[in-house]
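Before any comments, here is the structure.
The values are calculated or read from the model by the stated rules, or taken from the named source; none is laboratory data. Keep in mind that this is a model prediction, so the values were computed, not measured. Here the Cβ is made from the backbone with ideal geometry for all residues, glycine too, and neighbour counts use every protein chain on show. To get the accessible areas, we keep the full protein, side chains included, count just its heavy atoms, and leave off ligands, DNA and RNA. Shrake-Rupley method; radii C 1.70, N 1.55, O 1.52, S 1.80 Å.
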Amino acid sequence: MSITKKVSVLAVGLGMVGTLAACGSSSDDAGGSGDSKTVTLVSHDSWAVSKDVVAAFEKQSGYKVRVLEDGDAGQAVNKAVLTKDNPQGDVFFGVDNTLLSRALDNGLFQPYEAKGSDLVLPAYRADEDKHRVTPVDTGDICVNYDKAYFARHGLTPPKSFDDLVKPAYKDLLVTENAGSSSPGLGFLLGTAAKYGDGGWEGYWKKLKANGVKVVDSWEQAYNEEFSGSAGGKKAKGDRPLVVSYASSPPVEVVYADPQPSTAPTGVADGTCFRQVEYAGLLSNARNPEGGKALLDFLLSKSFQEDMPLNMFVYPVREGAQVPEVFSKFGPQAKDPQTLDPAKIADNRDQWVRSWTSLVLK
């Protein structure tokens, strides 16, 4: 949902470090460890978990967890594919439904059915015949808006994809490069789902004509260009609309001091695309048994209930509880756009090429 994605950089912008210091990464971790009691997790740079939760896993399992954060989700997946014969770790976390076929088609993972897989809500399951990936979290990629900007200008915030191309919202939206950013790709796929093969390009022509700005990463879009985020305010961002996540508003509440009674940002519910993130046991992992234990942990109730206020994503395990502050300010989209994984696999690369030619040139 990652959330895909995302939160650790925002948290730094808010003066909070969310990633687990005890699981810090370094170049020494590359290739995993020869120590059979160390298990290495490779992730995008938004991995975060409470110290006591991971400490309990380490005590129960006997394994020490190391984390190697490897950039944006798209970059991390591509690097993992390139290094699959000599992987950097044992488990990879953070491949989402927009890139899943790339990982599976390239043999990135070996089969393992994690304990608790039967408790994963059916909507989030994938690759059930081979069990090469384990669903871990879900979230929605959506346009966020700066409430204060729209109040000052007496303008109603957009609610839908259609609204974004209206003259009233000209030069207000910033999005990410669909070729290099997970939320950017998710937003593109959302328009493909909404308008279909024959309509999404025409939509993007209108969006380009209406002044959409494209930057390389979510970090740049949200923390530098977007006027509604804590980081964007510091950077004097001037775009009151940004492609981010439905779970971004809770971050602006939880880590504000003092905490506001309402979130300063809102979500255009009709612009959302559902994202699911997975983890898998890497092919040629040096510590496959440790990797299996770690995958079991990712589906445990303790980890699933720890995610919302660390990675700002929703759990996929049936019965996992979500903190009220998270569900209040970051509810899941009621009717997000979705695409069949096979449809994404068949069209993603060509859609990105066409989008690049249309929007960036």
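For the stretch 217-224, indicate whether the set of residues that are within 21 Å of ALA256 (Cβ to Cβ), surrounded by 19 or more Cβ atoms within 10 Å (Cβ to Cβ) and more than 15 Å from the chain's Cα centre (by Cα) is non-empty. Quick ask: steps written out before the conclusion?
Within the stretch 217-224, the subset within 21 Å of ALA256 (Cβ to Cβ) is 218-219, 221-224.
Checking the rest, the ones that are also surrounded by 19 or more Cβ atoms within 10 Å (Cβ to Cβ) come to 218-219, 221-224.
Remaining after also requiring more than 15 Å from the chain's Cα centre (by Cα): 223-224.
Taking every residue of the stretch 217-224 in turn, at least one turns out to be within 21 Å of ALA256 (Cβ to Cβ), surrounded by 19 or more Cβ atoms within 10 Å (Cβ to Cβ) and more than 15 Å from the chain's Cα centre (by Cα).
Please verify whether the stretch 103-113 includes one or more residues that are outside any loop (DSSP other than H, G, I, E, B), of a type outside the set (A, V, I, L, M, F, W, C), in contact with a strand residue (DSSP E or B) (Cβ under 7 Å, 6 or more places away or on another chain) and open to solvent by 10 Å² or more (accessible area, probe 1.4 Å). Checked the stretch 103-113: at least one residue is outside any loop (DSSP other than H, G, I, E, B), of a type outside the set (A, V, I, L, M, F, W, C), in contact with a strand residue (DSSP E or B) (Cβ under 7 Å, 6 or more places away or on another chain) and open to solvent by 10 Å² or more (accessible area, probe 1.4 Å).
Taking the listed residues GLY179, GLY186, GLY190, GLY198, the one that is closer than 19 Å to LEU339 by Cα and open to solvent by 60 Å² or more (accessible area, probe 1.4 Å) is GLY198, with no other qualifying. Among the residues of the stretch 248-283, those that are among the small types (Gly, Ala, Ser) and open to solvent by 10 Å² or more (accessible area, probe 1.4 Å) comprise ALA256, SER261, GLY270, SER283. Take the residues in the stretch 114-153 that are in contact with a Leu (Cβ under 8 Å, 6 or more places away or on another chain) and part of a loop (DSSP other than H, G, I, E, B); name whichever of them is most open to solvent (accessible area, probe 1.4 Å). Looking at the filtered set, the residue picked out is LYS115. Report, by residue number, each residue of the stretch 56-77 that is touching a strand residue (DSSP E or B) at 6+ places or on another chain (Cβ under 8 Å) and in a loop (DSSP other than H, G, I, E, B). Answer for the stretch 56-77, where residues must be touching a strand residue (DSSP E or B) at 6+ places or on another chain (Cβ under 8 Å) and in a loop (DSSP other than H, G, I, E, B): TYR63, ASP70.
Got at least one residue in the stretch 72-79 being hydrophobic (A, V, I, L, M, F, W, C), modelled with pLDDT under 95 and in contact with a Ser or Thr (Cβ under 6 Å, 6 or more places away or on another chain)? Yes, because at least one residue in the stretch 72-79 is hydrophobic (A, V, I, L, M, F, W, C), modelled with pLDDT under 95 and in contact with a Ser or Thr (Cβ under 6 Å, 6 or more places away or on another chain).
Based on this model, can you work out whether PHE303 counts as open to solvent by less than 20 Å² (accessible area, probe 1.4 Å) and either under 16 Å from the mean Cα position of the chain (by Cα) or of a type in the set (A, V, I, L, M, F, W, C) (or both)? Working first, answer last.
Working: open to solvent by less than 20 Å² (accessible area, probe 1.4 Å): yes; either under 16 Å from the mean Cα position of the chain (by Cα) or of a type in the set (A, V, I, L, M, F, W, C) (or both): yes.
Judged against the criteria, PHE303 is a match.
Checked against (1) open to solvent by 60 Å² or more (accessible area, probe 1.4 Å); (2) under 30 Å from PRO264 (Cα atoms), LYS343 passes all but a single condition, namely (2).
Answer yes or no as to whether THR156 is of a type in the set (S, T, N, Q) and surrounded by 23 or more Cβ atoms within 10 Å (Cβ to Cβ). Working first, answer last.
Numbers: of a type in the set (S, T, N, Q): yes; surrounded by 23 or more Cβ atoms within 10 Å (Cβ to Cβ): no.
Here the answer is no, as THR156 does not meet what is asked.
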